[in-house]
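Structure, as C-alpha cells:
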Amino acid sequence: MNQTTRRRALIAGNWKMNGGIAANAVLLEGIRSGANGLAAELAVCVPAPYLAQVQAALSGSPVAWGGQDLSLHASGAYTGEVSGAMLRDFDCQFVIVGHSERRSLHGETDAIVADKARQALACGLTPIVCVGETLEEREAGHTDSVVSRQLMAVVSALGQQLAKIVIAYEPVWAIGTGKTATPEMAQQVHAQMRALLVGVDPVAGRGVRLLYGGSMKPDNARDLLAMDDIDGGLIGGASLKADDFLAIAKAA
Ligand code: 13P
C-alpha cells in the first residue's frame, strides 16, 4: 500500500490496572509534552477513577483518551460497572472492548463483546475491539478460525457501522510476555482480517484500522508498523513510560 492510501496510524496505550495520581501526573505531562507534530494519532485508555485527571491533563492536546471496558447497560442496578455515557461525561473518545483479559478473567463471550461494541457506538465512543488466539489455539492451527469467529461476531452485529470501529489483534501469548509476533506473523493475521472485512464492506473494510498489540516496544515497533495492514498499536507495558510510548508513536 502506498502512502497516499495509508490509514492514519493510531497508537493507543492500555494502562490496564496500573497508575496512581502522582505517577499519572508525570506520565501524562511527559506524553503531552512530546505529542505535538506526530504523524500518528495518540490515545491512552486508563482506569476509570483517573478519567478526570486525564481529561484535565490532556484537554487541548492532540492526545485522546478512553476507558478499558464499558457496561452492556445504560444505567441501573449494576454495582461496579461504568456506562458508556459516564465515559462520555469525561470526554472519552475510545473504549477498549473484549480485551483478552476481560474474555478470560471476566467470562466475556463473543456475544457480549459484540453487544458492548454496539453499546459503545450508541454512546458516541469508538470501540477498540480486541481479538486474538491463545498459544494452545495457535499451536493447534486454529489461529485463523478463532480470529475470524471473534471478528465476525462483532462485525455482523454492527451492520453499517463497521467504518466506526478500530480492531486490535492481540495474540494472547504475546501479551505481557515479551514474546512478540514477528511482523510477518502479525501481518498474515491482519491480512486475513482485512480480507474478511473487505468481503463485508469493501470501502469500510479498507478504511478500518487494525492495530497490533502484544509486547510492542520501541525496538520492535518500526518493523511491525511497516507492515501493510498494521495500522497502529495497542500498547500495554510500554505505555506506562512516556519515552517508550512516544518512541513507538514516532515509529508509526
Ligand atoms: P503488553 O504491551 O504489555 O504486552 O500488553 C498488550 C496489551 O494487552 C494491550 O492491550
Completion exercise
Given 238-250, 144-156, the highest-first ranking by average Cβ count within 10 Å works out to 238-250, 144-156
Problem - Ser59 versus Ala226: modelled label distance in nm, points set 7 Å from Cα along the beta carbon direction - result: 4.2
Fill in the blank from the handout: Taking a straight Cα-to-Cα line shorter than 18 Å from Lys241, and setting aside same-chain aspartates and glutamates fewer than 8 residues away, one finds Glu29, Glu41, Asp219
Problem - Reach of Lys116 by Cα under 27 Å, taken over lysines that are not fewer than 8 positions away in the same chain - result: Lys16, Lys164
Exercise for the section: Report the FRET efficiency, 1/(1 + (r/R0)^6), for Ala157 and Gln93, where r is their Cβ-Cβ distance and R0 is 30 Å, rounded to 0.05. Expected result: 0.90
Exercise for the section: Mind ranking 111-118, 86-93 by how tightly packed they are, going by the mean number of other C-beta atoms within 10 angstrom, highest first? Expected result: 111-118, 86-93
Exercise for the section: Give, rounded to the nearest 20 debye, the magnitude of the charge dipole that the chain has about its Cα centre when Lys and Arg contribute +1 at Cβ and Asp and Glu contribute -1 at Cβ. Expected result: 500
Handout entry: Estimated dipole of region 1-122 in Debye, rounded to 20 [Cβ of Lys and Arg +1, of Asp and Glu -1, Cα centre]
Key = 360
Practice task
Of the options Met185, Leu135, Ser148, report the single residue whose Cα projects farthest towards the positive end of the charge dipole of region 118-219 (beta-carbon charges: Lys, Arg +1; Asp, Glu -1).
Solution key: Ser148
Completion exercise
With the dipole of the chain defined by +1 on each Lys or Arg Cβ and -1 on each Asp or Glu Cβ, the option from Phe94, Gly37, Leu27 whose Cα lies farthest towards the positive pole is Gly37
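Values quoted throughout were computed directly from the atomic coordinates according to the rules given, and no laboratory measurement underlies them. These numbers come from a predicted model, not from an experiment. Neighbour counts run over all protein chains shown; Cβ positions are idealised from the backbone, glycine included.
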